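Engineer: Shown below is the structure under consideration.
The values are calculated or read from the model by the stated rules, or taken from the named source; none is laboratory data. For clarity, every value in this text was computed on a predicted model and none was experimentally measured. Please note: Cβ atoms are built from the backbone with ideal geometry, for glycine as well, and neighbour counts cover all protein chains shown. SASA here: full protein model, heavy atoms, side chains in, ligands and nucleic acids out. Shrake-Rupley method; radii C 1.70, N 1.55, O 1.52, S 1.80 Å.
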Amino acid sequence: MTVPTAFSTDLLEFLKLLKENNDRDWFNEHKKEFKKLEVDAKRTFNKLLDILKTHDDVDRLKNFRIYRDVRFSKNKAPYKTHFSGSFYRRKPALRGSYYLHIQPNDESFIAVGFWDPSKQDLMRIRKEFEVDDEDIRTILNEKKFQTIWGDLLGEELKTAPRGFDKEHKAIDLIRKKQFLFTKNYTDAQVVSPNFINEVNASFKAARPYLDYMSSVLTTNINGEPLI
């Protein structure tokens with residue numbers, strides 16, 4: 001069986017219909033179709049996993065379920081209207097992960113970085129930037145990286161974290177609570193034959209950033225290994 005390197009138009013059309021009919025009766029009527037599309041989508045995600053493993057130590061893929069947890073949400077729609085998965089680098093030596101999100105109407109995207117760093121990791125990153133922000137800025141300002149990924153995103157504090165100088169030259173980095181990069185895709189790109197290979201190339205271009213952050217999080221402020 002040939003493993004697809006793109007997602008199908010049928011998948012995008014199903015997700016569009018699900019958005020318009022986000023209830024259990026409609027979903028149960030179309031569950032057989034969903035299961036087939038889910039199998040095909042997971043096969044494509046696993047194809048990307050195999051390609052990633054050729055240039056990074058990615059040890060697992062988590063495909064997120066279509067069912068929403070509505071217990072604490074005002075939005076009671078029972079189903080997500082996208083397919084997504086995260087590819088995790090092997091801990092403890094490697095940190096960060098890759099994320100692929102498939103959603104119709106040109107809302108698909110990929111992401112790399114650190115979504116929810118622990119309190120300890122966040123402090124370690126901030127201390128590194130406080131001591132020396134030259135290495136990270138060199139990576140983030142590299143032309144190829146900038147062309148593919150653009151600027152660093154993520155939630156941030158309005159002012160300096162406690163214990164940091166609000167006038168510090170790296171305060172723009174120190175204020176960050178997340179350290180993310182994203183890249184958007186159109187529906188036409190998602191179903192194009194070379195989509196997975198293009199996503200892989202973008203992920204590969206993020207390696208210098210992920211490897212730098214891994215080196216920070218596996219050493220102390222003196223550069224001594226923690227693992």
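Engineer: So how do MET213, MET123 rank on accessible area, 1.4 Å probe, biggest first, that is with the largest at the start?
Structural biologist: These residues rank, largest area first, as MET123, MET213.
Engineer: Related question: Whole number in Å², please: accessible area per residue of the stretch 79-199, 1.4 Å probe, ligands, DNA and RNA not counted.
Structural biologist: Values: 6340 Å² over 121 residues.
Per residue, the stretch 79-199 has 52 Å² of solvent-accessible surface.
Engineer: Please give me the summed charge of the neighbours of GLY223: other residues whose Cβ is under 11 Å from its Cβ, Lys and Arg +1, Asp and Glu -1. Provide the component values of the computation, followed by the final result.
Structural biologist: Numbers: positive: none; negative: GLU128, ASP132, GLU224.
After counting each charged neighbour, the total is -3.
Engineer: How large, in percent, is the carbon and sulfur part of the accessible surface of the chain at a probe radius of 1.4 Å? Provide the component values of the computation, followed by the final result.
Structural biologist: Details: 6290 of 12720 Å².
For the chain, the apolar C and S fraction of the accessible surface comes to 49 percent.
Engineer: Let me ask you something else. So between ASP69 and LYS177, what do we pick up on full extension, going 0.36 nm a residue minus the alpha carbon distance? Don't jump to the answer; show the numbers that get you there.
Structural biologist: Working: separation 108, 0.36 × 108 = 38.88 nm, distance 2.45 nm.
My answer for the length gained is 36.4 nm.
Engineer: Still on this structure: From the phi of every residue in the stretch 112-125, what ³J(HN,Hα) in whole Hz does the Karplus formula 6.51 cos²θ - 1.76 cosθ + 1.60 yield, where θ is phi - 60° and glycine or proline is x?
Structural biologist: In residue order, the calculated couplings are 9, x, 10, 7, 9, x, 5, 4, 5, 5, 4, 5, 4, 5 Hz.
Engineer: Rounded, prolate or oblate: pick one for the stretch 104-165, where a ≥ b ≥ c are the square roots of the eigenvalues of its C-alpha gyration tensor, a/c under 1.5 means rounded, and failing that, prolate if a/b is larger than b/c, else oblate.
Structural biologist: On the way: a/c = 2.42, a/b = 1.47, b/c = 1.65.
Oblate shape, in that a/c is at least 1.5 and b/c is the bigger or equal ratio.
Engineer: Can you compute the helix-only [θ] at 222 nm over the chain? Use -39500 (n - 2.57) per DSSP H run of at least 4 residues, normalise by all residues, nearest 500 deg cm²/dmol. Could the numbers behind the result be given before it?
Structural biologist: Working: 10 runs with 97 residues, N = 227.
For the chain, the value works out to -12500 deg cm²/dmol.
Engineer: Let me ask something additional. Could you tell me the largest-minus-smallest coordinate of the C-alpha atoms of the chain on each of the three principal axes, in descending order and whole angstroms?
Structural biologist: Result for the chain: principal-axis Cα extents of 59, 41, 32 Å.
Engineer: If packing is taken as the average number of other Cβ atoms within 10 Å across a peptide's residues, how do 57-64, 141-148 rank, most packed first?
Structural biologist: Taking the mean over residues of other Cβ atoms within 10 Å, the ranking is 57-64, 141-148.
Engineer: May I pose another question? Considering the alpha-carbon set of the stretch 34-109 alone, what are its Rg and its Dmax in angstrom?
Structural biologist: My reading of the Cα-based Rg and Dmax gives 14.3, 42 Å.
Engineer: How many angstrom separate the Cα center of the stretch 166-227 from the Cα center of the stretch 53-93?
Structural biologist: Using only Cα atoms, the two centres lie 18 Å from each other.
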